[in-house]
1. Name the residues of segment A:244-292 whose accessible area falls by at least 10 Å² when all protein chains are present instead of the chain alone, probe 1.4 Å?
2. Ignoring ligands, DNA and RNA, please state the percent of accessible area on the protein assembly as shown from carbon and sulfur, probe 1.4 Å.
3. So with the 1.4 Å probe, I'd like the accessible area per residue for segment A:53-146, rounded to whole Å².
4. By how many degrees, 0 to 90 and rounded to 10, does the Cα axis of helix B:80-108 deviate from the longest principal axis of chain B?
5. Summing both sides, how much accessible area is buried between A and B? Use a 1.4 Å probe and give Å² to the nearest 100.
6. Relative contact order for segment A:53-146: what percent, with Cα pairs under 8 Å and sequence separation of 6 or more?
7. Nothing charged except the Cβ atoms of Lys and Arg (+1) and of Asp and Glu (-1): what's the magnitude of the dipole of the protein assembly as shown about its Cα centre? Round to the nearest 20 debye.
8. For A:C112, which sequence-distant residues (separation of 5 or more, or a different chain) have an amide H within less than 5 Å of its own amide H, given hydrogens modelled in the peptide plane?
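The values are calculated or read from the model by the stated rules, or taken from the named source; none is laboratory data. This one's a predicted model, so the numbers in the text were calculated from it and none came from an experiment. Don't worry about glycine lacking a Cβ; one is built from the backbone with ideal geometry, like all the others, and counts go over all protein chains shown. Side chains are part of the model used for accessible areas, which takes the heavy atoms of the whole protein and leaves out ligands, DNA and RNA. Shrake-Rupley method; radii C 1.70, N 1.55, O 1.52, S 1.80 Å.
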Amino acid sequence: MSTQQQEQPETQEAPKDPEMKGQQSPQQERLDKKEQGLAEAESVDESDVEGESVHLKVFRYDPEVSGKQEPRFDEFHVPFEKGMTVLDALIFARDEFDSSLTFRHSCRQAICGSDAFFINGSQQLGCKTQISDLQQPVRVEPLPHQEVVKDLVVDMDHFYDQMHAVEPYFQQEDLPEGDLEEQRQPRENREKVKMSTRCIWCGACMSSCNIAAGDNQYLGPAAINKAYKFAMDEREDEEIKEHRLRILEQEHGVWRCQTQFSCTEVCPKDIPLTEHIQELKREAVKKNLKFW
Amino acid sequence: MSQSYNRGLIEDFGRWKEFSAGMWAWIFHKFTGWMLIGYLFTHIAVLSTAIGAADGQMMMLAGEEVNVYTGTIQGLESLFIIRVLEVGLLAVAVFHILNGVRLLMVDLGIGLDSQDKSFYASLILTGVITVASVPTFLQGVGF
Ligand code: HEM
Ligand code: SF4
Ligand code: FES
């Protein structure tokens, strides 16, 4: 299909994979056959399935084309398929109706973090959100509180800056003796940080946060969660943990969190963000409280 | 890249329809907290005008001479709007206390998974207590 060209500046995958994408791939043929069979089977009793379509309302804006500088919503009617995600529907709309429709996507399996959108009023991954779970029309907008570059593409620079601001790298200086000695993490400790490691940098949490919306310097849930991963890692010395807590307890750090839980609600990887932020608040207090 | 489009303030205030439980709890807690502060000052102002009763200061209320404390309080309590405001004050205070306890639990890391349920529980309990208080507060004016 012609439309892959649209994505070229975005995508990093060098080798094109015609098998996955060409309409006539064996997989596609199999799928088509299966679908035909299904349609035949269903057309007997559920005659309306064939005509079922998804009503999409998609935010459009393009600063570089004079006619598109005024933001608007475009409507698309995409044929529904069982298991269709919002990303599938968008891809169909782009491939079949309007090749200028722009959005980021890559893995289609909720792991690259590039397709977080504002879908029917909440931040969700396009590829992880089933159309069948949504009310129609499905309204798709770019993530709130980030500048829109074009259509559904937002500027992620600020989000990445905040992620980097917490020094998201292992900083232990005293390495174990011997060249081949490993820095082992105890099982329980790994279990403790397990959820925090799942972040895919999608930015949904930051976009959902009222506080981050009002305070651009607020580190935000994802960055604090990233800091949690390292601060709770027992392999780092106490001084390094204190250094991390000093970053976190600054004016625009953990104390900005007002426990609204919006980040925890939207995180597609189910990371208990508020819980981690609260735990770091308590750690910060404990560090500063000395009764002796 | 050319200038990008900022969707502006509508994002901060126009999305309230899409707020989740915890976000509402935060808004209500701010609101009730500041209402209580407002009441506190009103309360001090009213009482300081009535404090003269200690020195035997008198005033007229419904053709009778009473001391200023009794007069001020009875005068206010005879107004229907004051009784309604009292019900409102109770609602605001009860919600603030219940949600305040919820926030303290959240700060201690207790029951984070049911934070939305505890918010709804605070709301319902506030409603119940408020309704139950109506006969008491409106005694003599509405009931
Ligand atoms: C048992 C009674 C009360 C409890 C348990 C309680 C609890 C709380 C808690 C936990 C907070 C902090 C919320 C946060 O994490 O940001 C708070 C904030 C506040 N409370 Fe209370 N409170 C109580 C009574 C009062 C009273 C009597 C007043 C006023 C006279 C009041 C006024 C406020 C105000 C103004 C705030 C700040 C709101 C804001 O964030 O702007 N509270 N309360
Ligand atoms: S914490 Fe969750 S919502 Fe936030 S960036 Fe990571 S995966 Fe996305
Ligand atoms: S496309 Fe990779 S997370 Fe959705």
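1. A:Q258, A:T259, A:Q260, A:F261, A:S262, A:E265, A:E275, A:Q278, A:R282
2. Answer for the protein assembly as shown is 55 percent, counting heavy atoms of protein chains only.
3. Normalised by residue count, the accessible surface of segment A:53-146 is 43 Å².
4. 40 degrees
5. 2400 Å²
6. Relative contact order of segment A:53-146: 31 percent.
7. 1160 debye
8. Distant-sequence amide H within range of A:C112: A:C107.
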